[in-house]
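Trainee: Before I ask anything, here is the structure I am working with.
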Amino acid sequence: MTENLTKETFLKKVFNFEENKEWKFEGDKPVLIDFYADWCGPCKALAPILEELSNEYEGKIDIYKIDTEAEQELAAAFDIRSIPSMLFCPMGEAPQRANGALPKKQLEEIIKDVLKVEK
């Protein structure tokens with residue numbers, strides 16, 4: 001199940017950018033974060049794919065969603081200029097970003113290559 005994050009939960013579960021200048025991942029497993037907006041067509045198309053991935057990778061990765069309209073400070077902190085944008089946060093490495101509504105197969109490849117997680 002995907003989980004919506006607010007700034008407060010993001011600071012605890014992903015990265016506390018108010019306390020740390022350098023990337024310091026707070027999570028206990030790799031994370032995929034979807035930056036979206038309710039009015040965005042490609043974001044709506046991506047949502048069911050992320051739910052499927054959340055079920056398929058349950059216990060191995062967390063999938064979070066951030067509403068860029070409600071959480072403008074988070075979107076600005078990661079320089080999100082187009083949506084959907086996804087942030088992939090592996091354990092012990094810097095996050096990587098992908099833009100656009102990627103197909104499920106491509107997302108699975110990124111989860112394998114960047115997050116280093118197999119189904």
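The values are calculated or read from the model by the stated rules, or taken from the named source; none is laboratory data. Here the structure is a predicted model, which means the values were calculated and not measured. So basically every Cβ, Gly included, is an ideal-geometry build from the backbone, and we count neighbours across all protein chains shown. SASA here: full protein model, heavy atoms, side chains in, ligands and nucleic acids out. Shrake-Rupley method; radii C 1.70, N 1.55, O 1.52, S 1.80 Å.
Trainee: Report, in listed order, any pair from Lys29/Lys60; Lys12/Lys104; Lys7/Lys112; Lys29/Lys65; Lys7/Lys119 with a Cα-Cα distance greater than 18 Å.
Mentor: Result: Lys12/Lys104; Lys7/Lys112; Lys7/Lys119 exceed 18 Å.
Trainee: Okay, next question. Over 12 Å, how big is the tail of the calculated P(r) for region 66-115, in percent of all Cα pairs? Write out the running numbers ahead of the final one.
Mentor: Values: 812 of 1225 pairs.
That tail contains 66 percent of the Cα-Cα pairs.
Trainee: Counting chymotrypsin sites (Phe, Trp or Tyr not before Pro) as exposed when in a DSSP loop with at most 13 other beta carbons within 10 Å, what is the longest stretch of the chain free of them?
Mentor: Values: sites that count: Trp23, Trp39.
With a cap of 13 other Cβ atoms within 10 Å, the longest stretch comes to 40-119.
Trainee: Enumerate cysteines in the chain without a disulfide-compatible partner, where compatibility requires another Cys Cβ under 4.7 angstrom.
Mentor: Cysteines lacking a close Cβ partner in the chain: Cys89.
Trainee: Rounded to a whole number, what % of the accessible area of region 63-119 do carbon and sulfur atoms account for, probe 1.4 Å?
Mentor: Values: 1390 of 2990 Å².
The computed percentage sits at 46.
Trainee: Kirkwood Rh over alpha-carbon pairs of the chain, then Stokes-Einstein at 20 °C and 1.002 mPa s: what D in µm² s⁻¹, rounded to an integer?
Mentor: Details: Rh = 14.2 Å.
The Stokes-Einstein estimate is 151 µm²/s.
Trainee: Could you state the accessible area per residue of the chain in Å², with a 1.4 Å probe and every protein chain left in place?
Mentor: Numbers: 6430 Å² over 119 residues.
Solvent-accessible surface per residue comes out at 54 Å².
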